[in-house]
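Below you'll find the structure, written out as structure tokens, and then a few comments.
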Amino acid sequence: MTPDLYTPEEQHRIVQGYQKLDGLTDLLKDASRCRACNKAHPDREDLPLNALVRPLPALRTQEEVSKYLIRIKRNNGLLRNLLSSGTYDDAIAKLGSAKFAIGLLPWLDRCMLFRRTKKTKLMVVGIDYKHFPFFFDHAKDHCFPLDSYRTKNNIWGPSWRRFWSGLLGPYDDAAVNDFIKTKGVYFTNSMLCFGGSDKPGDHSRKYVTCCRLFIRRQIEIVRPEVLVSFGNIGAWNVATILLEHTDSEVLRRLAESRHPLREMTAMVDAGEVGEGIDVRYRGRRMKFWPLYQPARRHLHGFEGDYEVLRGLVGA
């Protein structure tokens, strides 16, 4: 059964949402051409595949957007074919200029659908996508390039739903939509590419380091009031970036630890961290709050983390 896709009107609203943030379309263009990991680590066998970064919001005219959408609608099987190619160069040759989906990643597409202003209350930096097998093993998910949050299996799975449930209570689409509309939300990942192991614990931090330039630029463009990270890699990555502009012992301990979330828990328990970590980034004040990966939060029971976040964002 074909997933319930975004309507053409919704697709154009998503593009308009991306275009509300000055500089974001230029970043998408640059990221879509990035080969930093391949240049820095040419001999690794698990090199990322630059397939998640898509320049659609950079298209300026209605005609350009419409032609692009027609192209990727004709290629619902592209993901399956791409994965069977085996090599980076073969995959890129097949991919051509028709990148996946609409914007930077599906969760952000959802946020852009409801974006009304340039202001952003909450920015979330996750890890990356490691679900290749899931998408191409199941025919019903081959429409991933234009998938919708209304489809409950694939991308709108445990992480998205458990995050919002932790923040707002039992998951409800209307409540999430209203929060995004009134507050402004932005999701991104520490790695913008597919690739490597499908186990988050096996991710190479070297790849995250290569991608850090684009995370810095997104923080500068989005200018959030509250910055949240998911998982150990997300906490380490964001703390490292913020430490460049804020002299903080808390950030230093997170950036230097192999298990930053354990370090964070220890500091909270010791009373060293209260209602968020105060930081300055290029002259702007914001709060930073690391969270466990939401799909696993039930294993840890840190509901208090969401109590703090609710206070920070006014939920």
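Please verify whether the stretch 40-60 includes one or more residues that are at pLDDT 65 or above, closer than 20 Å to Arg115 by Cβ and either of a type in the set (Phe, Trp, Tyr) or in a helix (DSSP H, G or I) (or both).
No, every residue in the stretch 40-60 fails to be at pLDDT 65 or above, closer than 20 Å to Arg115 by Cβ and either of a type in the set (Phe, Trp, Tyr) or in a helix (DSSP H, G or I) (or both).
How do the helices (runs of 4 or more DSSP H) wholly within the stretch 229-315 filter down when requiring 2 or more residues that are closer than 26 Å to Thr182 by Cβ and modelled with pLDDT of 90 or more: which remain?
231-243, 303-313
Identify the residue in the stretch 165-219 that is over 24 Å from Val279 (Cβ atoms) and part of a strand (DSSP E or B) and, among all such residues, is modelled with the highest pLDDT.
Across the stretch 165-219, the extreme among qualifying residues is Phe194.
Could you check the stretch 244-287 and list, in sequence order, the residues that are crowded, with 19+ Cβ neighbours inside 10 Å and closer than 17 Å to Cys211 by Cα?
Ala255
The values are calculated or read from the model by the stated rules, or taken from the named source; none is laboratory data. Since we're looking at a predicted model, the values are computed, not measured. Backbone-built Cβ (ideal geometry, glycine too); neighbour counts: all protein chains shown.
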